[in-house]
1. Could you please state, rounded to a whole Å, how far the C-alpha centre of region 107-165 is from the C-alpha centre of region 186-248?
2. Stokes-Einstein diffusion coefficient for the chain at 4 °C in a medium of 1.567 mPa s, Rh from the Kirkwood formula over Cα pairs: what value in µm²/s?
3. On average over all directions, what projected area in square nanometres does region 30-109 have, based on the convex hull of its Cα atoms?
4. Taking H placed 1.01 Å from N in the peptide plane, check which residues at least 5 places from V161 or on another chain put their amide H under 5 Å from its amide H.
5. Calculate, for S215 and L263, the FRET efficiency according to 1/(1 + (r/R0)^6) with r their C-beta to C-beta distance and R0 35 Å; round to the nearest 0.05.
6. Calculate one ³J(HN,Hα) per residue across region 186-202 by plugging θ = phi - 60° into the Karplus curve 6.51 cos²θ - 1.76 cosθ + 1.60, and present them in order as whole Hz with x for glycine and proline.
7. With viscosity set to 0.890 mPa s at 25 °C, what whole-number translational diffusion coefficient in µm²/s follows for region 104-254 from Stokes-Einstein and a Kirkwood radius over Cα pairs?
8. Can you list, bin by bin at 10 Å, the percent of alpha carbon pairs in region 196-279, starting at 0?
Amino acid sequence: MERIFGHSARQLTDEEIDKLTSDTELICDFRRRKLEKDCRKNWDLFYKRNEDRFFRDRNWTTREFQELLEQSIETNDDRQLRLLEVGCGVGNFIWPLLESGLPFRFYACDFSPRAIELFRKNERFDPKRCHLFQADITETNGIRLNLPSDNGDVDFKFDFVALIFVLSSIHPDKMPLALQNISDVLEEDGGMLIFRDYGLYDHSMLRYSNGHKLSENFYVRQDGTRTYYFSIDVMTKLANESGLEVIQLDYVQRETINRKENLCVPRIFLQGKFRKKRK
């Protein structure tokens, strides 16, 4: 009997199917609770080890999300456009946008104090153009209650929110509240969430050895940080429950060259654009 295991972006081999279906033992409850409790500490340790050397600047952003360019050109509003990056790390998403001259008022938040510190210490950081703050988006009103005031306005909304390789690091049970917090700070009239994260059956998912599985499609790395692998169905459901309308949501296929191991590996990401639903 033929076994079909995969989706539109990737069909798995028999060997890959066997590997995934045989990995059934979940990490014990005690360790899962500890990983959740220590999630901020583990990310702080990640940035302590790697500082700003781990991630490359995301120069592909305006190519993949051309709305950033289009709205900058088309807006006739005297109000400056606002963009928030959630889970900003050390600034790899923001730096290319700052250097491009886009007329945004930039905001960025992360729940790792060390990441915020490294972001602020970068020589490219301009406090007049980018406003940093610490926030935990898995807490009720986790963004809104921590926003810095904008010319005295403490309840302003964003034209764009970027969520790039962030949602996957959050426990699946907390994802709905995280997305609701984002929905709450988007402009009612056309506010857009731009999203990219790990897609189901990405190469990194298939590399986990037994003993790293937390729950379905949710794994822990050696350093204690975690990652979830998204399907279109799961992300669509999360968005709809959070008051976000799916504009576009697709698997993105890329290839990464691992020069150390002389390998070309298939990467699968899930990329989407969502608008705030009008009430």
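Rule-based calculations on the coordinates, nothing more; no lab input. Just so it is clear, the model here is predicted, and its values are computed rather than measured. Note that we place each Cβ from the backbone using ideal geometry, even for glycine, and neighbour counts take in every protein chain shown.
1. 22 Å
2. Estimated diffusion coefficient is 65 µm²/s.
3. Quarter of the Cα hull surface area: 7.0 nm².
4. The answer is L84, M192, L193, I194.
5. Numbers: r = 28 Å, r/R0 = 0.81.
So, using R0 = 35 Å, E works out to roughly 0.80.
6. In residue order, the calculated couplings are 8, 4, 5, 9, x, x, 10, 9, 10, 9, 9, 7, 6, x, 4, 6, 4 Hz.
7. Calculated translational D: 145 µm²/s.
8. 16, 39, 31, 11, 2, 0
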